[in-house]
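Working notes for the structure below.
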Amino acid sequence: MKQRTVDRIIRFHSMRRQVVAAIAFLLAVPVVLAANIAARAQDDFGLLPQTRVKIAVVEWVEAQGEYREWTALNGEYVISPAGTLALPLIGPIDARGRSSQALAEKIATALQEKTGLIAPPATTVEVVRYPSVFVTGSVERPGEFEFKPGLTVLQALAMAGGRVRKTDFAGGYSELEQIRYAGEIGRIDLQLLQLETRRARLEAELVENAAVDFDAALQGRPLAGHAAQFVRDEQAIFEARRNAYQRQHNALSELGTLFREEIKILGEKMVAQDRQIKIAEEELGNVAQLVKRGTVTKSRETGLERIVADLQSSRLDLAVASMRAQQRLSETERDALSLEGSRRTEIGAELQKVNLEIDDLELRRGVTEQLLQATGASILRREDRAFEQQPLRFSILRGGEETRRVEATETTGLKPGDVLDVQLDLLRASTPRASLENGIMQAQSR
């Protein structure tokens, strides 16, 4: 009876483990498929400037039997306008036009060559945010929109609020739209002013200037009333960071001075100890001669030998203490260099981020300014059809420095950084009503 009960319990636990394993497998399949689909979608696009990517690097440590993360490299990075990706340890890497997989392989190879590893570390590159797409022209809400793989012209048109709707029956845009664009430009100018003061502060920190030249950074900038507050904020940050760095650097310098003094004193002690050892050895030699002649007892020689051994042992202790002090001095000097390097790396990363944000805001300001100018234009209303029924013409501005215009349809796919221009197709809309009626009558007569 007891044996049957035990068998039932064993079969129950075995079946439960099988069910749990099956459920875990079913839950893992969609995740794996989704990850593969996302990876294929990312590989369909070559990386462009202003693309934000997340890099993860791990290395298999066979001695410890575990993976170790490269925390100095792991994190999010933004591709510069020049198409390069600045990474610690290996420097800038050309990322323009590469797929995520190709860039990961390039980084792994560069790390292997730089560090001398037998095998390249496992490296992954994931696109966190693509460059935005811009929609302009005859749409309700022109502007900048986040790109997602598979985005089409029709979807971008929907994100921009659809075709423009008349709010001024005289044939033009409303004053509310002009106010909205003007307010957007003012907000961008305010952000640019703040970023310019921050960039001035970071540049001063990078070259270790004693003060920040805010006048050169703010020259010609509007919104001067806000500049004083921005300058005060950045000046306070500059002084706080400089004082904190100086305190840490001074503490390490003082510690290094103490270790040098300790090494010097230990050296002087070793010199004095060497003299004592020499004197004791000479005395031991003289006593040994007297022992051979029988003038002095053997115990006197033995006592001197013990004294010489003690002196030599103390000399070795002083040498070990000097070596330890030298080791601590080397560690302190290394910490000072590491502190300076980490500070410069941090400032450089912040400066790169600020420069990218300034470039992005200047681009957005230019687009918004063009939209503001476009709202002053008047679109003639046609008598043959309502405004909302006018056909649309789509074109895409693509190519970066070598921009080219590509005609598109509603199903055309967009790429990161594209500018979608939506305009009323006035040529198609201008077909005279008389010609249209004549065509209908000819078709009916047939």
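Flag set for GLN370, criterion: in a helix (DSSP H, G or I), touching a Ser or Thr at 6+ places or on another chain (Cβ under 9 Å) and modelled with pLDDT under 85. Out of everything in the stretch 80-104 that is in a loop (DSSP other than H, G, I, E, B) and closer than 16 Å to LEU351 by Cβ, what residue ends up being least open to solvent (accessible area, probe 1.4 Å)? Selected residue: SER80.
Do we have any residue at all in the stretch 279-288 that's small (Gly, Ala, Ser) and under 30 Å from LEU195 (Cα atoms)? Scanning the stretch 279-288, I find no residue that is small (Gly, Ala, Ser) and under 30 Å from LEU195 (Cα atoms), so the answer is no.
The residues of the stretch 309-347 that are of a type in the set (A, V, I, L, M), farther than 17 Å from GLN273 by Cβ and surrounded by fewer than 12 Cβ atoms within 10 Å (Cβ to Cβ) amount to a single one, LEU337. Only a single criterion out of (1) part of a strand (DSSP E or B); (2) within 15 Å of the chain's Cα centre (by Cα); (3) surrounded by fewer than 12 Cβ atoms within 10 Å (Cβ to Cβ) is not satisfied by TYR77, namely (3). Say whether the condition of being closer than 30 Å to LYS264 by Cα and open to solvent by 80 Å² or more (accessible area, probe 1.4 Å) is met by at least one residue in the stretch 290-305. Checked the stretch 290-305: at least one residue is closer than 30 Å to LYS264 by Cα and open to solvent by 80 Å² or more (accessible area, probe 1.4 Å). For the stretch 164-176, the criterion of being open to solvent by 20 Å² or more (accessible area, probe 1.4 Å), modelled with pLDDT under 75 and assigned to a helix (DSSP H, G or I) is met by at least one residue.
Take the conditions (1) part of a helix (DSSP H, G or I); (2) open to solvent by less than 80 Å² (accessible area, probe 1.4 Å); (3) of a type outside the set (Ser, Thr, Tyr); GLN276 misses just one of them, which is (2). The residue of the stretch 114-148 that is least open to solvent (accessible area, probe 1.4 Å), among those that are modelled with pLDDT under 85 and more than 30 Å from TYR181 (Cβ to Cβ), is LEU117.
The values are calculated or read from the model by the stated rules, or taken from the named source; none is laboratory data. Since the structure is predicted, the reported quantities are computational estimates derived from the model, not experimental observations. Here the Cβ is made from the backbone with ideal geometry for all residues, glycine too, and neighbour counts use every protein chain on show. For the accessible areas, the whole protein counts, side chains as well, though only heavy atoms, and no ligand, DNA or RNA atoms are used. Shrake-Rupley method; radii C 1.70, N 1.55, O 1.52, S 1.80 Å.
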